[in-house]
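**Q** Take this structure, written in structure tokens, and hold onto it; I'll ask about it next.
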Amino acid sequence: KQEVTQIPAALSVPEGENLVLNCSFTDSAIYNLQWFRQDPGKGLTSLLLIQSSQREQTSGRLNASLDKSSGRSTLYIAASQPGDSATYLCAVTGNAGNMLTFGGGTRLMVKP
Amino acid sequence: EAGVAQSPRYKIIEKRQSVAFWCNPISGHATLYWYQQILGQGPKLLIQFQNNGVVDDSQLPKDRFSAERLKGVDSTLKIQPAKLEDSAVYLCASSLYGEQFFGPGTRLTVL
């Protein structure tokens, strides 16, 4: 059974810092990995999707990497802003289907 | 392109009552999912549909939860009777080529 873990569970940084969020998964046989953002009381917004054959994806100030063999992904946020404050969730899709298995999320607070 | 629509956005009921949630996926998306997200946790899949057929419902508490997608478009999720531990946000998502898009969710409070 796939298990996804995110560290840290919460993070508070001053504005302007570069930061890294970590995600690990137990079964390396994945189809893809997605990073989502969730604002309080809202649904999930897809940030980046990395196919199993890819090593990284970039969108603006966000860069996500994938190391399938070690079961790890990182989300790098450059020059953090208060508007980046949210919960960031990592999820993997197994080869057997489209079911997403989520981590518990990292709650990020960027202080002005 | 319109996103995934869900209603209601909020629902408060007493335990042992029944409740139903509705989801309208993105047009053309054949796959539809229902997730349960308990406060402070990541979402957990309840059921996955491909068109109007069930692909995976292994984590659906079938003694009280049911879901249908009769015409392969809209879907409803029902809880009957509700328990206190069902308090959560219920998220609907749809996908076409593997990437899932989520609706805003329905926040259920069971008193």
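Every read-out reported here was derived from the displayed coordinates using simple, explicitly stated rules and does not represent laboratory data. What you see is a predicted model, and the numbers here were worked out from it, not measured in a lab. Every residue, glycine among them, receives a Cβ derived from its backbone with ideal geometry; neighbour counts consider all protein chains shown.
**Q** Students often get this wrong, so check it: of B:Lys44/B:Lys78; B:Lys15/B:Lys71; B:Lys15/B:Lys44, which have C-alpha atoms separated by over 27 Å?
**A** Violating the 27 Å Cα-Cα cut-off are B:Lys15/B:Lys71.
**Q** Does chain B come out rounded, prolate or oblate, given a ≥ b ≥ c as the square roots of the eigenvalues of its C-alpha gyration tensor, rounded meaning a/c under 1.5 and, failing that, prolate meaning a/b above b/c?
**A** prolate
**Q** Which order do A:Val92, B:Val55 fall in if you start with the one that has the fewest other Cβ atoms within 10 Å?
**A** Ranked by crowding around the Cβ, least crowded first: B:Val55, A:Val92.
**Q** Taking beta carbons within 10 Å but only from partner chains, what does the mean come to for residues B:36-42?
**A** Mean partner shielding for this stretch: 4.
**Q** Using θ = phi - 60° and the Karplus relation 6.51 cos²θ - 1.76 cosθ + 1.60, list the HN-Hα couplings for the range A:28-39 in order, rounded to whole Hz, with x at every Gly or Pro.
**A** My calculation for the range A:28-39 gives 6, 7, 10, 8, 7, 9, 10, 10, 10, 10, 10, 8 Hz in order.
**Q** Please compute, for peptide A:21-28, the average count of beta-carbon atoms on other protein chains lying within 10 Å of each residue's beta-carbon.
**A** 0
**Q** Would you please give the residues with an amide H less than 5 Å from that of A:Met109, counting only those at least 5 places away or on a separate chain, with H modeled from the backbone geometry?
**A** Under 5 Å from the amide H of A:Met109: A:Leu11, A:Ser12, A:Val13.
**Q** Quick one: Karplus J couplings for the range B:23-36, per residue in order, coefficients 6.51, -1.76, 1.60, θ = phi - 60°, nearest Hz, x for Gly and Pro?
**A** With coefficients 6.51, -1.76 and 1.60, one gets 9, 10, x, 5, 4, x, 7, 7, 9, 10, 10, 10, 10, 10 Hz.
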